[in-house]
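Novice: Once you've had a glance at the structure underneath, I'll fire off some questions.
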Amino acid sequence: MSDFTAPTIAWGPLSPVIIVLLAAVVGVLVEAFVPAARRRVVQLALSVVALGGALVAVAALWSGVSEDGGTAVLGGSLVVDGPTLVLQATLALLALLALLVVVDRTETGEDAFAPSAASIPGSDYEELARRKGVQQTEIYPLLLFATGGMLIFPAAGDLLTLFVALEVLSLPLYLLTGMARRRRLLSQEASMKYFLLGAFTSALMLFGIALVYGYSGSLRYSVIADATKEASGLDGLLLVGSVLILAGLLFKVGAAPFHTWTPDVYQGAPTPITGFMAACTKVAAFGALLRIVYVVLPGLDWDLSVVLWTVTILTMVVGTVGALVQTDMKRVLGYSSIAHAGFILTGVVALNQAGVTAVLFYLLVYGAATVGAFGVVWLVRERSVQSDGSAGAVLGEATHLSQWAGLGRSNPALALVFALFLLSFAGIPLTAGFAGKFAVFSAAIEGGAWPLALIGVLSSSAAAFFYVRIIVLMFFTEPSGSTEAEGGAVAASEDGAAGLPLDVPASGAALEGSATGLAVEVRAAATTTTTVVGTEGFAAVAIAVCAATTVILGVAPSWLLELIGGVAQFLP
Amino acid sequence: MHTLTTLAASLPAATIGPAPEPVSGGIYLVAPALVGIPVLSAAILLLGGRRTDRWGHWLGVAASSLSFVFGAAVFVALLGRPADQRVLDLSVRSWIDAGAFQVDAGIRLDPLSLTFVLLVTFVGTLIHIYSVAYMEHDVDRRRFFAYLNLFVAAMLTLVLANSYLLLFVGWEGVGLASYLLIGFWNYRTDYAVAAKKAFVANRIGDLGLIIALGLMFANFGSVGFLDVLGERSGQVSEGVATAIGLMLLLAACGKSAQFPLQSWLGDAMAGPTPVSALIHAATMVTAGVYLIVRSAPIMNEAPTAQLVVVIVGAITLLFGAIVGCAKDDIKKALAASTMSQIGYMILAAGLGPVGYAFAIFHLVTHGFFKAGMFLGAGSVMHGMDDQVDMRRFGGLARYMKITWLTFMAGWLAILGIPPFSGFWSKDKIIEAAFVPVEGAEWRAWVFGTVTLVGAGITAFYMSRLFFMTFEGERRWSTKRDGSAQHPHEAPRLMTWPMIVLAVGSVGLGLYLALGGKFVEWLEPVTGTPLHEEPVLPEWLLITLTLGVVVVGTVIAYRRYAAATVPVVPPLGTALTRAARVDLYQDTVNDVALVEPGQALTRSLVFADRAVVDGAVTSIARSQIGLGEITRRVQTGFVRSYAATMLLGLVVLVVVVLATQS
């Protein structure tokens, strides 16, 4: 007779996570057993049901948690409290919206992913797969696995669960990043970078976990928190360990100096995935960071505040000034996301109740605008111009800023929605971004971190410059006509290696991989114009919901702030 | 001055009306629709574009008429209530909820607001109908009606609001509508400039209202009528009340073209004539009077502010009258007369409880006869190829009989000849001005004499206008295309509104004055005017007034009907020359405000370029420089990225360990 006692599993509080992960596993089985022609529909339905189900599950848990403050389940490995539920709801919602952009094949009938991701770029095999219209429907289970990891990440109650969740969410993202249909070399390079740097920080974080375990003798948050309050001779161990764990989390949120991967990966990844990644990863990672800072390390705030302050200031400045000189839309949005990480960090550093509420609110607001903005980028394409002047095939995204000139005239509705997202990023009143910024900055001032709020306000005003510049470009600049696909000379001269061509029009960016299908197309058609492709409807719904969220939360933010504020209490 | 305070304090019953009751149901619930209908119509007309060209003007007319019908329904319902229950508050929705600052968007239904609702919608509807014909050949007629509807909605918001903040929304709304309509033909640069001038002058006034709002919030913690004008109005110090009163006066001066902000009204005649009739004669320009009367409980606490109000009214009524004597442009002469008549109303409003009701009374009768005369002027212009120079008119009575007769009704009304409307209202104001004020006997004599003299000058310039236009010999020039003038009567759509307004000019004053009906109706708002004896007996005042009116009319008859009117204006006396250019008001403004302002602006622009822009540009440059560095760091090599991260991490660890407490 063994004396093994099965742990009691509280299925109820775990339901959001379980629904999503179960659906992901089923999704893998679907890949194996459902005929190829029907996979996309089945996978889509499964994913939507899973994410919708997670939302419903969160809603069902809400009233209980808002009454009793939540519970720790699985013996304390997972904490289901107010912030967890808010974050899980945000994640499920944003993932659902991002999914809608991901599934949209647009009127061209091609999704954002390589027909056969395993084939060598430019090979006959790839061309064959493209002609046959093969699709990699594995992206759906991958997306669900990543979402599942993200749902666990902010709820983790011990460092080991935290680490496992980190890997569960990261590995699918590495893979998804490398699956772009166009500019595949760029995409694969981004994937490789992301993976290497991710592995690097995972190692650092694991090292930090080991150090903290050495200090406290436990992985459990609550035990570590108690241990930090007692004096011992091993403070160095604890401090260095904490900084390493924070570094791991700061890498995920894209805070300086751990931000270097962000622009490259955002640019290389398939655009809908970039939207998903930029919104959801940030939500999950900030959730985990909040719990660590507020639950585990409050005893150390005096020692660690210098780290957080430095990182916050550096992040805001790097994100803002970096964005000023970018010429690629996806990189601009990448740097903008870095700057936003800095703004959100000011709310984290506030170290008060208002800070938690503000950060949770900001994450939703920022996520909605981000998914929407990348959804718009996904629809703005290059179209080749044939030698006789007629319009040719639709190519990849027109990401060079100059290609966006005059979009406001040719596609006023789309440009208007994009302008709305940019204004929200810039924090202009009556958009949700303003309410979010106001909330985090006022929380920071309340928490005594007014210098951070000041720098935050200054850098938001500087950041407004490049957002407004894009709006001016769209509405008040004549389109430059067709963009000459200037040669690889520029690309080749950059960095000498396979480095990213930073200042090259997007159509030239693929030239380093002269073997890719895109490069062939580009060479055949010497010039391109900018065009907007119609959606299948999914992306349009997602963008509309994002825009509506941005407007509604901009005009009337208080009810949501109150709703979040009512439950934003971490379980110790 | 302190004696006045005691006077005001001894009359609490006269200052505070019954407390408003919340509305629970009934016909009163349609009140928001009064504003909503014209807004909806304006939105349809503006958003519908050319598609609505064919029927858009009728939609505008329908919206205005429907507002009138609803307004009349509410009026009848209110009339059915006992007099002390005629003040109602209808809360529409919570509007602003920001901590200590809470405002409900609500509607105040009481005799004062209903009087305005009826005036605005009734005269407004008539003018809408008139405009259908007047603007028939204008390609933008639909847009014109959209703006007119917008104006009606804004004006109704202004008078129905139950807080100063919502009133301010309407206040700005009418300013906007006025701006859009003055500059309706904005392809003419001088018209666009006129619109801008009106806009700027109004902004100065609005500043007063904004400051008043701030003062109210600081002292009452609220901007609602309930708090500011309720029992607490007596609890603030006299200084605060005076400050609020003066700021409200500044606002009134801007909107109602009172001295020293009156210069825009003459230029505002650039707008189409129906606009001049509705906005710049009958309704919008009287908003200042409404503001003062509505704020009666505050004004009663501030005798100094009241004195300033009276002085401003007195100056403006003489100013307008003098300017009116010299203008040859029929619309500008009427504008000067409007200014002068509003001067009467402001003066009456400044007299306190003895004058409030008569200010509103005169406002209503003036709304009818002045709108009627403006429409008459429009009809004359219609028949005379848009000629506005009265020296080019003459003898038109034979050619446009209806216009002549309706105009005559308005003319006799403004002169104050019994039993026409103006007599009943203006005579009461003159009487009130002669009521002695304890401890300041001079005031009854000074202000009384001003109103009396004003009546004489009014008689002169209005008769001059009437005789130059309709009597005497023909002095017509040719049309613009060189053909001969053929004056003709306007179409029926234009004459009927004129006839209706003429009926009002003839009988409305008598009807409302009989048995003190109107004054009694307003009592819940303005308080009971205690009957006080003027320094001269009533019969003598009436005789004197009629005497100066007759003198003024006779002089005008001899010079402009019996004698030949020169087509080229004679040089005239120094006073005439000054009056022709609005007594040099524009020059004074230019020298005193515009030029120093422009000099200041230029120096600020220079400083802005050199200092602020310089700083900003250099910051931007340094930022971009910093960005370049960031970009160079962003090499694209994973190894350098990892190195950056590691270096950053090491620095952080070192810092933490070094600063460890």
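Novice: Give A:Phe251, A:Phe258 a once-over and let me know the one that is free of Cβ contacts under 8 Å to residues at least 60 places away in the same chain, within 14 Å of chain B (Cβ to nearest Cβ) and not in a helix (DSSP H, G or I).
Specialist: A:Phe258
Novice: Identify the single condition in (1) surrounded by 12 or more Cβ atoms within 10 Å (Cβ to Cβ); (2) of a type in the set (D, E, K, R); (3) within 30 Å of B:Glu438 (Cβ to Cβ) that B:Glu533 does not satisfy, given that it satisfies every other one.
Specialist: (1)
Conditions (1) of a type in the set (Asp, Glu); (2) touching a helix residue (DSSP H, G or I) at 6+ places or on another chain (Cβ under 6 Å); (3) under 23 Å from B:Leu508 (Cβ atoms), marked per residue:
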residue	(1), (2), (3)
B:Asp328	yes, yes, no
B:Lys331	no, yes, no
B:Gln341	no, yes, yes
B:Ala359	no, yes, yes
B:His362	no, yes, yes
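Novice: What are the residue pairs meeting all of these: first residue in region A:66-77, first residue assigned to a helix (DSSP H, G or I), second residue open to solvent by less than 60 Å² (accessible area, probe 1.4 Å) and not hydrophobic (A, V, I, L, M, F, W, C), Cβ atoms under 6 Å, and 6 or more apart or on different chains?
Specialist: Pairs that qualify, where the first residue is assigned to a helix (DSSP H, G or I) and the partner is open to solvent by less than 60 Å² (accessible area, probe 1.4 Å) and not hydrophobic (A, V, I, L, M, F, W, C), are A:Gly76/A:Gly157.
Novice: Please enumerate the residues belonging to region B:640-657 that are more than 7 Å from chain A (Cβ to nearest Cβ) and in contact with a helix residue (DSSP H, G or I) (Cβ under 9 Å, 6 or more places away or on another chain).
Specialist: B:Ser640, B:Leu646, B:Val651
Novice: Then there's this: List the number of the failed condition for A:Val134; all other conditions in (1) open to solvent by less than 30 Å² (accessible area, probe 1.4 Å); (2) in a loop (DSSP other than H, G, I, E, B); (3) among the β-branched types (Val, Ile, Thr) hold.
Specialist: (1)
Novice: Surrounded by fewer than 24 Cβ atoms within 10 Å (Cβ to Cβ) and within 24 Å of B:Leu347 (Cβ to Cβ): does that describe B:Leu246?
Specialist: Here the answer is yes, as B:Leu246 does meet what is asked.
Novice: Search region A:432-478 for residues being in a helix (DSSP H, G or I) and among the charged types (D, E, K, R), and hand back the single one that is farthest from the other protein chains (Cβ to nearest Cβ).
Specialist: A:Lys437
Novice: Does B:Val594 satisfy the criteria of being open to solvent by 30 Å² or more (accessible area, probe 1.4 Å), within 30 Å of B:Leu415 (Cβ to Cβ), more than 14 Å from chain A (Cβ to nearest Cβ) and in a helix (DSSP H, G or I)?
Specialist: Taking the combined requirement at face value, the residue does not satisfy it.
Novice: Which one is farthest from the other protein chains (Cβ to nearest Cβ), of the residues in region A:321-347 that are over 18 Å from the mean Cα position of the chain (by Cα) and either of a type in the set (A, V, I, L, M, F, W, C) or assigned to a helix (DSSP H, G or I) (or both)?
Specialist: Once the filter is applied, the top-ranked residue is A:Gly347.
Novice: OK, next. Given the criteria in contact (Cβ under 8 Å) with a residue 24 or more places away in the chain and more than 23 Å from A:Phe153 (Cβ to Cβ), does A:Leu186 qualify?
Specialist: It is true that A:Leu186 is in contact (Cβ under 8 Å) with a residue 24 or more places away in the chain and more than 23 Å from A:Phe153 (Cβ to Cβ).
Novice: May I pose another question? For region B:215-245, how many residues meet the condition of being touching a helix residue (DSSP H, G or I) at 6+ places or on another chain (Cβ under 7 Å), in a helix (DSSP H, G or I) and among the aliphatic types (A, V, I, L, M)?
Specialist: 7
Novice: Name the residue, out of A:Thr370, A:Thr357, that is open to solvent by less than 10 Å² (accessible area, probe 1.4 Å), at pLDDT 90 or above, assigned to a helix (DSSP H, G or I) and hydroxyl-bearing (Ser, Thr, Tyr).
Specialist: After applying the criteria, what remains is A:Thr370.
Novice: Failed condition for A:Thr271, given (1) within 12 Å of chain B (Cβ to nearest Cβ); (2) in contact with a strand residue (DSSP E or B) (Cβ under 8 Å, 6 or more places away or on another chain), with all others met?
Specialist: (1)
Novice: Collect the residues in region B:557-591 that are of a type in the set (Gly, Ala, Ser), in a helix (DSSP H, G or I) and surrounded by fewer than 16 Cβ atoms within 10 Å (Cβ to Cβ), keeping them in residue-number order.
Specialist: Step one: filter region B:557-591 for residues of a type in the set (Gly, Ala, Ser), giving B:561-563, B:572, B:574, B:578-579.
The next check asks that each one be in a helix (DSSP H, G or I); those that pass are B:561-562, B:574, B:578-579.
Once the filter is applied, which keeps residues that are of a type in the set (Gly, Ala, Ser), in a helix (DSSP H, G or I) and surrounded by fewer than 16 Cβ atoms within 10 Å (Cβ to Cβ), region B:557-591 yields B:Ala562, B:Ala574.
Novice: Return the pair list, or none, for Cβ contacts closer than 9 Å from residues in region A:547-572 that are farther than 27 Å from A:Ser77 by Cβ to residues that are open to solvent by 60 Å² or more (accessible area, probe 1.4 Å) and of a type in the set (D, E, K, R), at least 6 apart or on different chains.
Specialist: A:Ser558/B:Asp97
Novice: Still on this model: Answer yes or no as to whether B:Asp582 is on the phi > 0 side of the Ramachandran plot and more than 7 Å from chain A (Cβ to nearest Cβ).
Specialist: yes
Novice: Sticking with this one: Out of all the residues in region B:182-214, which are surrounded by 18 or more Cβ atoms within 10 Å (Cβ to Cβ) and in a loop (DSSP other than H, G, I, E, B)?
Specialist: B:Gly183, B:Phe184 - these are the residues of region B:182-214 that are surrounded by 18 or more Cβ atoms within 10 Å (Cβ to Cβ) and in a loop (DSSP other than H, G, I, E, B).
Novice: What residue, of B:Arg609, B:Arg559, is more than 14 Å from every other protein chain (Cβ to nearest Cβ) and in contact (Cβ under 8 Å) with a residue 12 or more places away in the chain? I'd like the intermediate steps shown before the answer.
Specialist: Working: B:Arg609 fails: in contact (Cβ under 8 Å) with a residue 12 or more places away in the chain.
Just a single option satisfies the conditions, and that option is B:Arg559.
Novice: Between residues in region B:53-73 that are under 8 Å from B:Thr121 (Cβ atoms) and residues that are open to solvent by 50 Å² or more (accessible area, probe 1.4 Å) and at pLDDT below 90, which pairs lie under 8 Å by C-beta distance while being six or more apart or on different chains?
Specialist: none
Novice: Can you tell me how many residues in region B:365-381 are among the hydrophobic types (A, V, I, L, M, F, W, C) and touching a Pro at 6+ places or on another chain (Cβ under 9 Å)?
Specialist: Selection size over region B:365-381: 4.
Novice: Residue check, B:Ser618 against (1) at the interface with chain A (Cβ under 10 Å from one of its Cβ atoms); (2) more than 48 Å from the chain's Cα centre (by Cα); (3) open to solvent by 40 Å² or more (accessible area, probe 1.4 Å), all met but one. Which one?
Specialist: With respect to (1) at the interface with chain A (Cβ under 10 Å from one of its Cβ atoms); (2) more than 48 Å from the chain's Cα centre (by Cα); (3) open to solvent by 40 Å² or more (accessible area, probe 1.4 Å), B:Ser618 is out only on (1).
Novice: Between a residue in region B:132-144 that is closer than 17 Å to B:Arg51 by Cα and any residue that is among the hydroxyl-bearing types (Ser, Thr, Tyr), which pairs come within a Cβ distance under 7 Å, given they are 6 or more apart or on different chains?
Specialist: Every condition considered, the pairs that remain are B:Arg142/B:Thr52; B:Phe144/B:Ser131.
Novice: Failed condition for A:Ala203, given (1) within 30 Å of A:Ser336 (Cβ to Cβ); (2) within 14 Å of chain B (Cβ to nearest Cβ); (3) touching a residue at least 24 places away in the same chain (Cβ under 8 Å), with all others met?
Specialist: Against the list (1) within 30 Å of A:Ser336 (Cβ to Cβ); (2) within 14 Å of chain B (Cβ to nearest Cβ); (3) touching a residue at least 24 places away in the same chain (Cβ under 8 Å), A:Ala203 comes up short only on (3).
The values are calculated or read from the model by the stated rules, or taken from the named source; none is laboratory data. Just so it is clear, the model here is predicted, and its values are computed rather than measured. Cβ atoms come from the backbone with ideal geometry, glycine included; neighbour counts cover every protein chain shown. The accessibility values were calculated without ligands, DNA or RNA, using every heavy atom of the protein model including side chains. Shrake-Rupley method; radii C 1.70, N 1.55, O 1.52, S 1.80 Å.
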